[in-house]
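Below: the structure, in structure tokens.
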Amino acid sequence: MICLSNCGIGTSSGPVHKHLRVIPTMSCRLSTSSDDMLIKLWNWDKQWACTHSFEGHEKGVNCVDYYYGGDKPYLISGADDRLVKIWDYQNKTCVQTLEGHAQNITAVSFHPELPIIMTGSEDGTVRIWHANTYRLENTLNYGLERVWTICCLQGSNNMALGYDEGSIIIKLGREEPAMSMDSSGKIIWAKHSEIQQANLKAMTDTEIKDGERLPLQVKDMGSCEIYPQTISHNPNGRSSVVKIFKNFKERKSFKPDFGVEGIYGGYMLGVKSVSGLAFYDWEMTDLVRRIEIQPKHVYWSETGLLVSIATEDSFFILRYDHDAAALARQTKEGVTEDGIEDAFEVLQKKE
């Protein structure tokens, strides 16, 4: 039985309903899940008429949730068949099925801010999936027995998890967006998977008080398939670089042959991995030199001839030999799998 207690709006009876959600973009409609393996949509403006039933789960459905944005009419469900299903409630179709949990699904949630889906199970794990690619991003297990509930706070990266043995609050990602500003005042940042830009020089000459929000004109540049972690400008001002969590893509669809841990802008594109630092040419994305060092920061001079690499407890100053690098590219001599051997000369090392 379903009963809305606000002034006795309505009552609906039937199989045992386990979960209820109101569609955020359609407040007169709600969905329910139950042991009859169905997800049902109800319209209380039509005297509680059942407008549709979604079939697909092979056992009782335990939980449902809705996508918060207005661009995707999606509903997510989890059941005792250990499957998570995403449904299009307008076209009445199953969009995707997520598999991986070892026991009954007890909680599902679309994050209201980040492009991720969270699912909890009696196997004690919370799985985090990308909301666009449906790829498994991470699996959390805190040893607190079965997961029963997942709750997200809109406007925040915090997430609460409820277990048999207690509850826990975690923070996903970071509160500050990935962003970059070049020397001309152009700013690019990632609002989740959306890339936006603004120009400080385009502001009017009105006086701005200290701490006051800047009246910027924001332009949309498009969206990334994967949630960006870092953004850095190319110094020529014509392109930018985006580093993603487990993969790397640049304007030329450049992709290193190793896992990317971080990127650094400047005269060359610096790409950090677990084994060291690699410098790439911005235009051709050719490897210039791979260095066995774990940098914290990389600083280039304005001329592009000098670079300082700072580690946890030391720093190095290197000179880039442009002529030697150009000659090596022409003759193919002195070029190994680690790049051009004579591309850099160590000028100073401080430990």
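A search for C-beta distances below 8 Å between a residue of segment 325-351 that is at positive phi and small (Gly, Ala, Ser) and any residue that is assigned to a strand (DSSP E or B) and surrounded by 10 or more Cβ atoms within 10 Å (Cβ to Cβ), counting only pairs 6+ apart in sequence or on different chains, returns GLY334/ILE340; GLY339/ALA278; GLY339/PHE279; GLY339/LEU287; GLY339/VAL288; GLY339/ARG289; GLY339/ARG290. Condition check for HIS101 on (1) surrounded by fewer than 22 Cβ atoms within 10 Å (Cβ to Cβ); (2) part of a loop (DSSP other than H, G, I, E, B): one failure, at (1). Per the listing SER156, SER167, the residue uniquely in a loop (DSSP other than H, G, I, E, B), in the same structural domain as ILE86 (by TED's automatic domain parsing) and surrounded by 12 or more Cβ atoms within 10 Å (Cβ to Cβ) is SER156. Inspection of segment 237-257 identifies no residue that is modelled with pLDDT of 65 or more, out of contact with any Cys (no Cβ under 9 Å at 6 or more places or on another chain) and of a type in the set (Gly, Ala, Ser). Of all residues in segment 283-294, those satisfying the criterion of being in contact with an Asp or Glu (Cβ under 9 Å, 6 or more places away or on another chain) and touching a residue at least 24 places away in the same chain (Cβ under 8 Å) are THR285, LEU287, VAL288, ARG289, ARG290, ILE291.
The values are calculated or read from the model by the stated rules, or taken from the named source; none is laboratory data. Keep in mind it's a predicted model, so treat the numbers as computed, not measured. Don't worry about glycine lacking a Cβ; one is built from the backbone with ideal geometry, like all the others, and counts go over all protein chains shown.
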